[in-house]
1. Among the residues that make up the stretch 54-66, is at least one of them modelled with pLDDT of 65 or more, surrounded by 18 or more Cβ atoms within 10 Å (Cβ to Cβ) and of a type in the set (G, A, S)?
2. Taking the options W115, W178, name whichever one is in contact with a Phe, Trp or Tyr (Cβ under 6 Å, 6 or more places away or on another chain) and not charged (D, E, K, R).
3. Can you tell me which condition F96 does not meet? The list is (1) crowded, with 16+ Cβ neighbours inside 10 Å; (2) at pLDDT 90 or above, and all the others hold.
4. Of the conditions (1) out of contact with any helix residue (DSSP H, G or I) (no Cβ under 8 Å at 6 or more places or on another chain); (2) assigned to a loop (DSSP other than H, G, I, E, B); (3) in contact (Cβ under 8 Å) with a residue 24 or more places away in the chain, G151 fails just one. Which one is it?
5. Can we say T165 is surrounded by 14 or more Cβ atoms within 10 Å (Cβ to Cβ), over 18 Å from the mean Cα position of the chain (by Cα) and within 18 Å of F96 (Cβ to Cβ)?
6. Among (1) over 26 Å from S53 (Cα atoms); (2) surrounded by 15 or more Cβ atoms within 10 Å (Cβ to Cβ); (3) in contact (Cβ under 8 Å) with a residue 60 or more places away in the chain; (4) out of contact with any Phe, Trp or Tyr (no Cβ under 8 Å at 6 or more places or on another chain), which single condition is Y138 missing?
7. Go through the residues of the stretch 172-192 one by one and say whether even a single one is crowded, with 20+ Cβ neighbours inside 10 Å, within 19 Å of N37 (Cβ to Cβ) and under 16 Å from the mean Cα position of the chain (by Cα).
Amino acid sequence: MTSMRQEPLVTSADEPLLLDSYLGEYDVAEVHACIVNGDVRATWEAIRNADLSSIPVVHSLLVLRSLPGRLRAINSGQAAPAPPPFSFGDMPRVGFQLLGERPAEIAFGFVGKPWKVGAEQPLAIGRDDFAAFNDPGYAKVAFSIRAKPYGTHRTLITTETRTATTDAATRRRFAAYWKLIGPFSALIRRLILRQVTSHVETPTATT
């Protein structure tokens, strides 16, 4: 499980995105955001501690991913284990390596051929090599989540997913894949924001 460091949450609205350092040029970007009635510290704690496996669609994907191991357990006469809780710190379990983190922001990356589900594992590309990687036939996907002050007592949470391919033929393959997967990706991001909001939201005082 990837450790998400606890540091003073000194933030700046003008601070460049972590993603700009790792995938500054991309084919597609998908951004989702929401405003939470809570400060940055409480919001980031909710993000760090969020059990994403409690989101039904995420739970279903984790069960599907663990299906080979579950079948092996059943065939050996053992009880099929349930997928363990899944937080942002567990992203490496699904092939996304930690690219970078700082107070109230974290970014993950993936290099592989996701249209060949089950056929190939993601490449083990170090964070220092992620930006420069350009071997033909691969897609790069980077994801980040960020919390920034929005006024005095509110926080703006932003998630962004960027994709880039390394050649024209791969771009066409990935475009067909993303046409199918993209709506599910967007749904998951929205549900994550909804879950975090439900953990930190407090009624706004009225006068």
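The values are calculated or read from the model by the stated rules, or taken from the named source; none is laboratory data. Small disclaimer: the values here were computed from a predicted structure and weren't measured. All Cβ positions, glycine included, derive from the backbone under ideal geometry; neighbour counts span all protein chains shown.
1. No - not one qualifying residue is present in the stretch 54-66.
2. W115
3. (2)
4. (3) is the only condition that G151 fails.
5. Against the criterion (surrounded by 14 or more Cβ atoms within 10 Å (Cβ to Cβ), over 18 Å from the mean Cα position of the chain (by Cα) and within 18 Å of F96 (Cβ to Cβ)), T165 qualifies.
6. The single condition Y138 does not satisfy is (3).
7. Yes, because at least one residue in the stretch 172-192 is crowded, with 20+ Cβ neighbours inside 10 Å, within 19 Å of N37 (Cβ to Cβ) and under 16 Å from the mean Cα position of the chain (by Cα).
Table: residues versus (1) at pLDDT 90 or above; (2) touching a Ser or Thr at 6+ places or on another chain (Cβ under 9 Å); (3) surrounded by fewer than 18 Cβ atoms within 10 Å (Cβ to Cβ); (4) farther than 22 Å from G182 by Cβ.
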{"site": "F108", "(1), (2), (3), (4)": "yes, yes, no, no"}
{"site": "P122", "(1), (2), (3), (4)": "no, no, no, no"}
{"site": "A131", "(1), (2), (3), (4)": "yes, yes, no, yes"}
{"site": "A142", "(1), (2), (3), (4)": "yes, yes, no, no"}
